[in-house]
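Input: a single structure, listed below in C-alpha cells.
Read the figures in this text as sums done on the coordinates, not as results from a lab. Keep in mind that this is a model prediction, so the values were computed, not measured. Here the Cβ positions follow ideal geometry from the backbone for every residue, glycine too, while neighbour counts run over all protein chains shown.
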C-alpha cells in the first residue's frame, strides 16, 4: 500500500514538473510573438517558412514575416470560405494562393526544393487549422 502511494506521489510530482515545463514553454512562445511582432497564427506560418533554421539576413527575416502576414490576410479574406475543405476547387484555390504568395514574396535564397516543401507544409497547416470562414484553431483558443 505504501509502495503504491509512493509511486502515486512520484507520478504527481512528475506531472507537476511537466506542467511547469509546459507553462514555461507557453510563456516563451507568447514572448516570441511579441519579440517577432507577429500574432500566434502568423508566428506558426513564419516558423514553417524558417524551420529548420535558415541563415537569413535581417531584411530577409522581415520579408518572410511580411510573407506570413500577407498570405494569411489573403487566405482569410478571399479563400477560406465556408466549407472550403469540402470542395476540390476551393482546396485548389487555397493551394494556388499559397504557391503564388510564396513564389512572389519569399526571398530568393529559397531553393526550388525548399519552396516546394514550404508550399506543402503551409497548405497542410492551413488545411488542418482553418475550418472555414472565421473558424480556426486560433479563433477557438482566443
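Applying the set (1) assigned to a loop (DSSP other than H, G, I, E, B); (2) surrounded by 18 or more Cβ atoms within 10 Å (Cβ to Cβ) to residue 81 leaves exactly one unmet item: (2). Please work out which one of (1) touching a helix residue (DSSP H, G or I) at 6+ places or on another chain (Cβ under 9 Å); (2) in a loop (DSSP other than H, G, I, E, B) is the condition residue 55 fails and give its number. For residue 55, the failing item is (1).
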